[in-house]
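Following: one structure in structure tokens, then a few remarks.
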Amino acid sequence: MKKLSLRLLAAVGLMICGAAASRAEDAKPAADAGFKSMFNGKDLSGWDGLEGFWSVKDGVISGAETKAHPAPQTFLVYKDKFSDFELRFKFKFASKDGNSGVQFRSKVLDEKQRRIGGYQADFDAGQGYDGSIYDEGGVAGGRGTMSGRGQATTWDSDNKRHDKPLAETNDALRALIKKGDWNEAVVIAKGPHVTYQINGHMMTDLTDNSPKAVKEGVIGLQLHAGFEMDVQFKDLEIKDLSEAK
């Protein structure tokens with residue numbers, strides 16, 4: 001009886017632990033639910049870029065130019081348009097110099113050159129612009145840097161700018177950017193509200209209530225003219241939030 005009781009207690013204990021673990025698993029959200037991969041790790045299927053500047057090597061997208069083979073202001077453009085979304089990606093510079101960014105809610109300005117313009121999640125090899133949102137090509141009214149690193153910026157209905165500091169300063173956030181290594185970025189755009197995080201920290205927070213705001217467009221990766229550079233991207237995935245308004 002004693003052995004039976006011990007076995008019974010052990011069995012009950014396992015059942016309780018199993019039930020608790022099951023409840024814990026049920027309580028966990030599916031981290032990647034609804035996300036769609038934008039890159040297969042093998043080739044540029046689904047993307048359109050100027051030939052000779054974009055390639056896939058070692059499972060990453062590379063945008064490269066040299067002094068002997070300079071690039072115009074050009075972009076690798078994704079096939080689909082998005083309005084509200086959460087975009088995740090990793091980026092790094094394999095060069096000492098360079099300027100790039102990820103376009104969103106953008107439109108084609110020069111089809112032959114693969115040039116687009118609109119909102120840009122900005123970054124560069126010198127960590128000067130990482131974490132800011134820029135109006136590439138003046139598509140959003142020629143507003144330049146629309147929200148800087150360390151800022152919560154609101155553009156009101158009269159197209160006037162209002163800045164407030166975030167919890168972490170520009171300098172503190174700059175120190176979190178990994179030079180020459182992979183950085184994890186998240187851009188969330190929902191209605192007029194856009195946030196841009198790098199390595200788990202909020203870099204900038206933009207609310208664009210201006211009549212010049214852009215609501216929908218393509219996504220693209222920038223290869224900036226005038227540099228000798230190699231910018232790399234991987235783990236690009238997106239979740240469409242348009243139906244979750």
Filter result for Asn209 (surrounded by fewer than 18 Cβ atoms within 10 Å (Cβ to Cβ), more than 17 Å from Gly101 (Cα to Cα) and touching a residue at least 40 places away in the same chain (Cβ under 8 Å)): yes
Matching residues, segment 57-71, being touching a strand residue (DSSP E or B) at 6+ places or on another chain (Cβ under 7 Å) and open to solvent by 20 Å² or more (accessible area, probe 1.4 Å): Gly59, Ala64
Subset tally (residues that are in contact with a Phe, Trp or Tyr (Cβ under 9 Å, 6 or more places away or on another chain), closer than 16 Å to Tyr196 by Cα and among the basic types (Lys, Arg)) for segment 148-180: 1
So Arg149, is it under 22 Å from Gln73 (Cα atoms) and basic (Lys, Arg): no
Some residue of segment 227-239 being without any contact (Cβ under 8 Å) to a residue 24 or more places away in the chain and part of a strand (DSSP E or B): no
Selection count, segment 181-192, where residues are closer than 27 Å to Ala125 by Cα and surrounded by fewer than 20 Cβ atoms within 10 Å (Cβ to Cβ): 6
Filter pass, Lys178 being open to solvent by 40 Å² or more (accessible area, probe 1.4 Å), part of a strand (DSSP E or B) and either modelled with pLDDT of 95 or more or touching a His at 6+ places or on another chain (Cβ under 9 Å) (or both): no
Exclusive hit being under 23 Å from Leu241 (Cβ atoms) and free of Cβ contacts under 8 Å to residues at least 24 places away in the same chain, set Asp110, Asp122, Asp80: Asp122
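The values are calculated or read from the model by the stated rules, or taken from the named source; none is laboratory data. Note that the structure is predicted; figures quoted are calculated from it, not measured. Virtual Cβ from ideal backbone geometry, glycine too; neighbours counted across all protein chains shown. Keep in mind that these areas ignore ligands, DNA and RNA; they rest on the heavy atoms of the full protein, side chains included. Shrake-Rupley method; radii C 1.70, N 1.55, O 1.52, S 1.80 Å.
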